[in-house]
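The values are calculated or read from the model by the stated rules, or taken from the named source; none is laboratory data. None of the values given here were measured: they were computed from a predicted structure. Heavy atoms of the whole protein, side chains included, go into the accessibility calculation; ligands, DNA and RNA do not. Shrake-Rupley method; radii C 1.70, N 1.55, O 1.52, S 1.80 Å.
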Amino acid sequence: MKRTESKPLFPLFTDISGYKIVIVGGGSVALRRVRTLLSFASDLTVVAPKVRPELEELAEAGRVRLERRPYRREDLYAAQLVLAATDDRQVNEDVYSACKCLGILVNVASDRRKCDFQFPSVVLKDEISVGITGNGENHRQVKETRKKLEAYLGGEQIYGE
């Protein structure tokens, strides 16, 4: 479903530990999302011709699979969750369209209207996971809320601005 209006989002917490997750893109957004996902899932594949050195290090450590090449639609076929995080609008659009046809949950980092789910700021403390998101328009408020929760819980931020 394409989001066309700004409205509150339902927070859905689910176990993704067994999901095959594909991240298309190798830049700073992809890196931040991979770092977050590593706390919750272990089957991560990054597809990109160029990647940040930190993603190379994660691949060398066996924490992610790295496909250092351009994206192909068949990269998505066995995935249950896909993140499009490239700076190429056409690639992101193709990832979105393919995922919609295949029934795969998708998040396009550059276009919140093309997201089946929002990627939240996350704070972890022991067995507590807190996800924070806004309607995509007030990033400062989300950041301030995350900082307050970190201070209150004594937890650590694993994703978010």
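Database remark: amide H of Asp43 closer than 5 angstrom to the amide H of Ile21 (H placed geometrically; neighbours at sequence offset of 5 or more, or on other chains; Pro and chain starts carry no H).
Checking the Cα-Cα distances for Lys7/Lys143; Lys50/Lys147; Lys20/Lys125 against a 27 Å cut-off, the pairs over it are Lys50/Lys147. Normalised by 2.2 N^0.38 Å, where N counts its residues, the alpha-carbon radius of gyration of the chain equals 1.02.
When both bridge partners sit in the chain, DSSP labels roughly 35% of those beta bridges antiparallel. For the chain, with all protein chains in place and a probe radius of 1.4 Å, 49% of the accessible heavy-atom surface sits on carbon or sulfur. Karplus-derived 3J(HN,Hα) values for segment 119-128, using 6.51 cos²θ - 1.76 cosθ + 1.60 with θ = phi - 60°, are 8, x, 6, 10, 10, 10, 8, 6, 8, 9 Hz; glycine and proline are entered as x.
Here the 3J(HN,Hα) profile of segment 101-112, calculated from phi with Karplus coefficients 6.51, -1.76 and 1.60 at θ = phi - 60°, is 5, 8, x, 9, 5, 9, 10, 9, 4, 8, 8, 4 Hz, Gly and Pro shown as x. According to the Cα-based calculation, Rg over Rh for segment 83-123 is 0.98, with Rh computed by the Kirkwood formula.
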